[in-house]
Every structure is written in structure tokens, then in C-alpha cells.
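Here's the structure, in C-alpha cells; my notes come after.
Bear in mind these aren't lab numbers, they're just calculated from the coordinates by the rules spelled out. Computed from a predicted structure; not experimentally measured. Please note: Cβ atoms are built from the backbone with ideal geometry, for glycine as well, and neighbour counts cover all protein chains shown.
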Amino acid sequence: MMSSFKRKTLSGRANLPQGTRLSPVSTSTVITSTGIPSLDDILGGGLPLSCSLAVLAPDHHSAYGELVQKYFVAQGLASGQKVCIIHDEPLRFAREGIWMAGNTPSTPAQASTAEDADDEKASQHDDKIKIAWRYEQMKKFQTTVSSNSLNDDLCMSFDLTCRIPATALDAARQSAQLIPIDVDIFEDGTGVIEQIEELLSNGTDAHAVRICIPALGSPHWGDMQPPTVLTLLHSLRRLLHRHPNACASLSLAPHMCTDTWGGPGWVQKVGWLTDAAISMSAFGANPSLSSLFPSHHGIVQILTLPAPHTILPASDKYSTLRGLSSAAGSMGGSGENNLAFKCMRKRLIFETIHLDLEGGVTERRTTPSSNAMALDGNMVHETMPAAVLATEGRKGSLATVEVEFERSKEVVSDTPTGRAIPDAGGSLVPAKPKKPKKKVAFRSERPDLYDF
Amino acid sequence: MQFPAPDLFSSHRLLLITDQLPAPADFLLHRFLHLHLRQSKTAKCFVLAVSESLERWKSVASKANANVTHSESFQFIDVFDQHLPAQNRGEEPLNVISLKYIYDLLSAKLSDSQTHGQIPLVILDDITSLEWLGVSLLDLSRFARALRALCVKMDAMLVVRHHIVTPPEPDALLQHLLQLCTYHIEVRPLASGRSGAVSGEICVHLGPSTKDANEHVISRTSALQYRLTESSAVFFDKGTSTGVL
């Protein structure tokens, strides 16, 4: 009888560049982390080498796209990979990069539990809700992936409040691990591709190379027209196909992220010409969405998913957040989860998003609520049929009805990109927006506790 | 369910495959390739590639157990890699493509590989990217027409992929292509979004010059649904996916 004992060989692992691993779906695909575990999950484990990732963030007043790129750069530097930053001031961008908390990289599990403890205090009174005894032992409903057990050693946990230490940056610069490319010297982005090509041809295959373009199309790139951008994306993609030890992550300048700039179908064209593309539509310009989903900062729309060696993207099978894996194959057939992102004090995470409970869990409401919060002048409470602006009223006292805002509730899966009003009222958010208070699913008798 | 039906492969035809970003049709192109190569040992296929890399074609084919390593049966022509011999490096070598050169190259290859009884398959993937990258609409429509004529002359079958980015409105290039095609295979996403059990649906429409009555036609209301797998797709009628039955 043949022995079924198989020696575990790690020879495959030894040949992989630092900071990468084999994709679960195909042994020909090598994936690396973007620095954000939940984004890795959406991509199906990580960003595959030889693929380009485009992050569109149409909100003019935030820099979510650049934030994702900061994670990308930090992860590359922390894993010992080569990082090439293409920017008008690449070293300045690098200096403002994020890093891990403390001197030693904390394990992802530790970081997330500390963070969860900080942010979940407000929900402690949820425990007072009577839960049927058989469900008491179940863990809380998880909306995000904080750490991937496979990715533990590959994805460092970064802290948005920590800047990259100058020593680490200088060391990276000295050892040519960090390669800045200044975009100012080019006209309209021409020549960038040649520079990247030169860099990739001169490198060895031993190291993975990350190419990061934090703000493609910012004013320093000159007056870029849509065909130029598309050509650049296409050439970059072809370049990566020829040098499969490299990958690229880029963010388009906010004004370029919508069809209003590039013409009809523009966002789709970007999706076609990159291997992976997501769009992060912030709620900043849309007050009704912000009040509907107060604990999130925007919706994520998945345009393209990477599948460099298979027909089926790895994400369809392996993404916990998208939730198709439970339905893939023979059984099920439910649609995928809606995704949103939120930028907390210390990290940026992508989460599943669900419609809020209407009317709260404890009361069945038939009359409009009098406990609506006065968040802004523009905020509208979704459960009211007529738009009522209620000031801080005690129960039973309604403010005078003045219809200022008539908006039907937005469908979750729509992205507000096309409808974003850039300067809507007082909802300008800075680059790192303040975390709004968590809204819980019951209405209290004392609304001033939750007033903003 | 078998898609495409085997007699869809026939010479003198132009199959126009349109898709949208949520439901890309690359699986269909790969499937055509595999089925064609499986038909006989001397089957030939030429791929004019604009977006996908050779690596992906090879990788998917190996997963589907189709042999594309033999250069006799599978020729990969990267549209952007073909440079005119006299081109100087001063210009933008990455972006300048000469459609005439591609046409001549393909013509030479097709005439080189004339085999009796075997229909060569020519796949152009995809024509829309060429338009986005700056090739004029006039050039592209002429190119498509020339390719069609070439394939008719060489008894080949031509498959052209076109991306639709503005769904209800047909763009100008699509209108040109629709006039040329024998069949228009439309790959559409489900209106309700992505799902684990159904990745999208396929309809087949007749082209304007087709004499066939209603052969191969699949209307939108009775569209064939599919679910992607590692290297191909599984097809089923609406409402008969394994999750439902």
C-alpha cells in the first residue's frame, strides 16, 4: 500500500519574491497585499503581480484615492519590495506616508481588537437587547475582514496616525528600494511609460516592484485629455504583462473620476483598460446618504476584478466581503453584498453595508418621529414621508414643517457619482474626515444625547 | 446546454460579440478557441490581441485542456507589437499602430495556412480599445470591413469583440459593426447585479445580411444564462440553474 504521507515542500514559496504569496485560485498567480486587509479580500486575496489597480475617488474634498496609495506604498516598503512613486513631488508624498504603530509591526489581530474596543463602546448598550438564549454564544455580525489568516505575515497593520520614520525612508532611498519619478519634467505624462519601462527592464526578477501613481491627472501632469489617460493606462497594463514581477496601483485625480469629465462611458473605459478597478464614492456631497449610513463614509463600486490567469476572478470564490463564495457553485444564488468604506482615526476599512432598520427595534412607529436629530440644516430623516426639519424636540413637540429638502431615499447600489454636488452646503469634509457618531437602531427618549 | 451550437462555426461569417464591464465576454472567446482547436488536429486560430496577454490565453487554455503551445494551431498577434520596419524611434512607438500592416500580416498568415476543409478562426479582441486609444472611427470601420472581406476570401471565420460602455445607445462603431455581422452575440449582465449562481446572460441576434430564418437566434426574453468557472462557463436556461432546480 502506498504511503499517503506527503512531505510538505515549501520550495514553491522560496522562489517567490518577498512579500508575495501564491493565489489560492491558481498557482500561476502571485499576489501581494495592498496594505488594507479588507481591500485585499475584495480583490480575492491581494493584488496579483502583473496587474494594474485603479482607484477612483470622485469626491473633490477628500483624498481617499491617495489614502489607498499611501497604504500601497507603506506595504511595499515594509515588505522589502521596490516601490516607485510617480508624482509631482514623490519624496514629499513618501515623507507623508503612513507606517506601523510602534517600532515593531504589531500583529493584525492585536491592532484590530484594540481599535474595535475604542470604536465599539457606543454599542455596548446593544447588549441590553434581549437575545434569544441560543444565539448568545454567537459572535457579533461581522461586516469586515480585519485580518486574513493567510495574509497575516504579508499584510502589515498600518496606523494612519503614524508617519513613516525618516530613518526608514532614508534607508529605502539609499538602497534604491524607493524610486521617485518626478512627473513635472514631462509634458502631459508623455515619457512616464518610458521611464517605467526602463526601471522595469533594469531590475531583476527577484524583487517584486510596485508602481504607484497617487494622483494621475493632477495639475502637474499638464492638461491631460481622456485619450491620453486611456493610452497611459493601456500602455501601463501592457508593460506589466511584459514584466510580471511588477504591479501598479494608481488613483485618478478626483475631477477625472466621473463621466462628466471623460464623456459617456468614461468610468467603464477605465475599468476595461485596467486589470482591477474600484470607485469610492464618498457621501460628502450627498447628505441624505450620509444620514442613511452614518457610520460609513462612502460606497464602493467594483468595476473590474483581477483574473490574470483564469476566467473566474479569484474574488468571486474567495472574497468574504462580497459574499459570493457562499453562493458560488451549485447552491445559492444570492447577490453580492453592497460594500462601503469608512476612514476611522487609525485605519481605512472596507465593509459590507446594509440598510438601516426602519423605525428602530423597540418601537413600531406609525407617526413620524419627533426625535429626529438636527444634524445639519440639510439633513433629512429618512423615515419621514414628508420632509420635516425637527429641531431638538422632546417627545410630542414637532417643529414647524417646512419642506426644504425633498429627496427620495437613494437605492443602496446606486453610486452618487453622477449626481454629486461639489459644494453642497456645509458638508465639506477635510482629507481625514471626523468620524460621525455611530447611529444605533433604536430611538431614545432623550435625543440630545445623540445630537451633533 | 451547449453554447455555441457547433454549426455556428462556419466560414464566411462574422460573429460580433458585444459585452459590458459587469459581464465581460472573454470567456466566450476562449471557449470558441478551445472548441475550434478540439475539432481537429489541423485547426488553426489567429488571435489579434489588443488587451489580453498571451499568458492569459495560454493559462486559460491549459486549464481547459486545449493545446495552444503548438504554433501551427495557435498564432498570437499582438497588435501593438507590430512595428513597420521603417519606423524610427522618435515617434511614440507604443501607440502608433498601422492597421494596414496588421491586415497585410494576417493576410499573409492566412494564405500560408490554407488547409483543406479546415476553417481558420480569426479572433479580434477587441476593436473598441483601438477606438479609445485614438484610432479614428473611419479607419476602424474600414479595417473591420477589410477583415471581413479577407476572411470571406480565405474561407475563415471572424470573431470580433466590442465593448459597450453606454448601454442603451449604440455607439457609432457598433452601428458599423452591426451592419457587417452575420450574428450579433450579446453578453449582458443581469439587471439585478452580480450573483454567485448566474454571471450574466447571452442573446444572439441576426445580422442584417443573414438569410437564415431563425437558426441560432436567442431572444432577450429567453436569454441563455451562464455562470463562469475557472476556465470556461456553464450554460443553462433561465430558471434552471442548479440552485433553483
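Structural remarks
- q = 0.15, 0.24 Å⁻¹, the stretch B:164-245: log10 I(q)/I(0) [Debye, one scatterer per Cα]: -0.64, -1.18
- Kirkwood hydrodynamic radius over Cα pairs of the stretch B:100-239, then Stokes diffusion coefficient at 37 °C and 0.692 mPa s, in µm²/s: 193
- Angle of helix B:54-63 to the longest C-alpha principal axis of chain B, folded into 0 to 90 degrees and rounded to 10: 40°.
- Evaluated with a Cβ-only charge set (Lys, Arg +1; Asp, Glu -1), the stretch B:144-245 carries a dipole of roughly 120 debye about its Cα centre, given to the nearest 20.
- Residue order for A:Asp182, B:Asp126, B:Asp7, fewest other beta carbons within 10 angstrom first, comes to B:Asp7, A:Asp182, B:Asp126.
- Other residues with beta-carbon under 11 Å from the beta-carbon of B:Phe74 carry, at +1 per Lys or Arg and -1 per Asp or Glu, a net charge of +1.
- For the stretch B:90-190: relative contact order, % (alpha-carbon pairs under 8 angstrom, 6 or more apart): 31
- The calculated FRET efficiency for A:Thr27 paired with B:Thr69, based on their beta-carbon distance and R0 = 22 Å, is about 0.75.
- Given R0 = 51 Å, the distance between the Cβ atoms of A:Asp205 and A:Arg345 translates into a calculated FRET efficiency of 0.80.
- Pairs from the list A:Lys269/B:Lys63; B:Lys58/B:Lys109; B:Lys44/B:Lys153 with a Cα-Cα gap above 25 Å: A:Lys269/B:Lys63.
- Placing pseudo-labels 7 Å out from each Cα toward the beta carbon at A:Asp184 and A:Gln18 gives an inter-label distance of 3.1 nm.
- A quarter of the convex hull surface defined by the alpha-carbon atoms of the stretch A:187-243 gives 4.0 nm² as the mean projection.
- Trypsin sites (Lys or Arg not before Pro), loop per DSSP, at most 15 other Cβ atoms within 10 Å - longest free stretch of chain B: B:90-210
- Partner shielding of B:16-29 amounts to 2, given as the average count of beta-carbon atoms from other chains within 10 Å of each residue beta-carbon.
- Counting charges near A:Arg95 (Lys, Arg +1; Asp, Glu -1) among other residues having Cβ under 15 Å from its Cβ returns a value of -2.
- Close amide H pairs (under 5 Å, H built 1.01 Å from N) link A:Gly298 with A:Phe283, A:Phe341, residues at least 5 positions away or on another chain.
- Rg/Rh ratio calculated on Cα atoms of chain B (Kirkwood radius): 0.96
- Calculated P(r) tail over 17 Å for the stretch B:21-83, as whole % of Cα pairs: 38
- Backbone N atoms of the stretch B:3-46 closer than 12 Å to the 7 Å Cα→Cβ label point of B:Asp237 are not found in any residue.
- Remark: mean inter-chain Cβ contacts per residue of B:194-201 equal 6, using a 10 Å Cβ-Cβ cutoff to other protein chain atoms.
- Take each residue in B:52-60, count the other chain C-beta atoms within 10 Å of its C-beta, and the mean is 5.
- Pairwise FRET efficiency - B:Gln2 versus A:His354, Cβ, R0 = 35 Å, nearest 0.05: 0.30
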